[in-house]
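The values are calculated or read from the model by the stated rules, or taken from the named source; none is laboratory data. Model, not experiment: these values are computed from the prediction. Here the Cβ positions follow ideal geometry from the backbone for every residue, glycine too, while neighbour counts run over all protein chains shown. Just the protein is used for accessible areas: all its heavy atoms, side chains included, with ligands, DNA and RNA removed. Shrake-Rupley method; radii C 1.70, N 1.55, O 1.52, S 1.80 Å.
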Amino acid sequence: EMKKGLFGVMHYLMPKRQILSLHSGCNMGKEGDVALFFGLSGTGKTTLSTDHNRYLIGDDEHCWSDHGVSNIEGGCYAKCIDLAREKEPDIWNAIKFGTVLENVVFEEHTREVDYTDKFVTENTRAAYPIEYIPNAKIPCVGPHPKNVILLACDAFGVLPPVSKLNLAQTMYHFISGYTALVAGTEDGIKEPTATFSACFGAAFIMLHPTKYAAMLAEKMLKHGATGWLVNTGWSGGSYGSGSRIKLAYTRKNIDAIHSGDLLKAEYKKTEVFGLEIPTALEGVPSEILDPVNTWPDKKAHKDTLLKLGGLFRKNFEVFTNYKIGSDSNLTEEILAAGPNF
């Protein structure tokens, strides 16, 4: 309550000072290149911003001013369901004396925590001071971001593992704030549910979403940042038939964004969403870069793609009556960057 309450206050006060408040993770490379990670719960924001090759500025709440980025918090709030030392060593090692564990189940006598146990809730958490991450950047500030990465866990399995966005598309997907949740099995629902949360944090934003999106675009344009959409969800079919994209492949995609290699790749455009996707990337099987290749049933892929496009459109209807830019030209541009069919 304290964490998010203060975040709401910052979302109100900061834009009034021409500072953009962001619900994002943030890290910095050894060369000083900063990346922002946006994503709703379960999309991999904390996992991907915690990268032992880079300095962690923060995992959740930041401000972007004329001087660069700064963390609002003094710690991290990591999900720890299914936490494993091999997969997330930095977070694993941060859980020591002084860390607060929430909703986890542990063996009373040995005090051994079972991170796979979701008896209380799937939303188990670990809250630790940022200096518990070995490569945290203290103080938690950095220069202007080079990359803005929007994360979506697409349980429909139709968004590409990585795509490059133009400015209007970045604004469209930022305002949409999409991810898909997989419904619980107890009531027999196996269908993924699309969730949209404006600016990847609708519960905390105090002004109209387009205000934050316009500020983001303005800063990206001014400082030459590139927008990316990364799907950390399913491939080869929707939830139930396809499989989750391997974390190792997602990390390779992210590494190629950080290094600038992905900017040099050859691109092709996808249908419906019009996303620019790389045709090849070192360390990632080429066939998974275009989702259509991984679906055995091509018609089902097209139907699911159109279904998701329709959900995006329906969600965006509430924003179309708000005009941005002179003669509302920016509104038209953002709308045109959405699904087209």
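Observations, loosely collected:
- Residues located in segment 82-102, provided they are of a type in the set (Val, Ile, Thr), over 20 Å from residue 55 (Cβ atoms) and surrounded by 13 or more Cβ atoms within 10 Å (Cβ to Cβ): 95, 99
- Unmet requirement for residue 31, which otherwise passes all of (1) under 15 Å from the mean Cα position of the chain (by Cα); (2) over 23 Å from residue 126 (Cβ atoms): (1)
- Residue selection: residue 113 fails the criterion of being open to solvent by less than 10 Å² (accessible area, probe 1.4 Å) and of a type in the set (Val, Ile, Thr).
- Applying the criterion of being over 17 Å from residue 302 (Cβ atoms) and surrounded by fewer than 24 Cβ atoms within 10 Å (Cβ to Cβ) to the residues of segment 231-242, the residue that is nearest to the chain's Cα centre (by Cα) is 239.
- For segment 243-255, the set of residues classified as open to solvent by 10 Å² or more (accessible area, probe 1.4 Å) and of a type outside the set (S, T, N, Q) consists of 244, 245, 246, 247, 248, 249, 251, 252, 255, listed by residue number.
- Check on residue 251, touching a residue at least 60 places away in the same chain (Cβ under 8 Å) and among the basic types (Lys, Arg): yes
- Of all the criteria given as (1) farther than 23 Å from residue 26 by Cα; (2) touching a residue at least 40 places away in the same chain (Cβ under 8 Å), the one not satisfied by residue 266 is (2).
- The listed residue being over 14 Å from the mean Cα position of the chain (by Cα), farther than 17 Å from residue 60 by Cβ and open to solvent by less than 10 Å² (accessible area, probe 1.4 Å), out of 182, 158, 120: 158
- Selected residue (only one of 202, 214, 194, 225 is surrounded by fewer than 24 Cβ atoms within 10 Å (Cβ to Cβ) and free of Cβ contacts under 8 Å to residues at least 40 places away in the same chain): 202
Here's the yes/no breakdown for (1) at pLDDT 95 or above; (2) open to solvent by less than 60 Å² (accessible area, probe 1.4 Å); (3) out of contact with any strand residue (DSSP E or B) (no Cβ under 9 Å at 6 or more places or on another chain); (4) among the β-branched types (Val, Ile, Thr):
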| site | (1), (2), (3), (4) |
| --- | --- |
| 38 | yes, yes, no, no |
| 46 | no, yes, no, yes |
| 49 | no, yes, no, no |
| 59 | no, yes, no, no |
| 71 | yes, yes, no, no |
| 76 | no, yes, no, no |
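- Single residue of segment 146-155 satisfying the filter (in contact with a helix residue (DSSP H, G or I) (Cβ under 7 Å, 6 or more places away or on another chain) and surrounded by 23 or more Cβ atoms within 10 Å (Cβ to Cβ)) that is farthest from residue 214 (Cα to Cα): 151
- Subset of segment 1-36 [open to solvent by less than 30 Å² (accessible area, probe 1.4 Å) and over 23 Å from residue 218 (Cα atoms)]: 29
- Unmet criterion (only one of (1) open to solvent by 40 Å² or more (accessible area, probe 1.4 Å); (2) of a type in the set (Lys, Arg); (3) under 19 Å from residue 26 (Cα atoms)) for residue 54: (1)
- Qualifying residue in segment 282-295 (condition: open to solvent by 60 Å² or more (accessible area, probe 1.4 Å), in contact with an Asp or Glu (Cβ under 7 Å, 6 or more places away or on another chain), part of a helix (DSSP H, G or I) and modelled with pLDDT of 95 or more): yes
- Residue ID - least open to solvent (accessible area, probe 1.4 Å), chosen from residues in segment 127-138 that are in contact (Cβ under 8 Å) with a residue 12 or more places away in the chain and within 19 Å of residue 68 (Cα to Cα): 136
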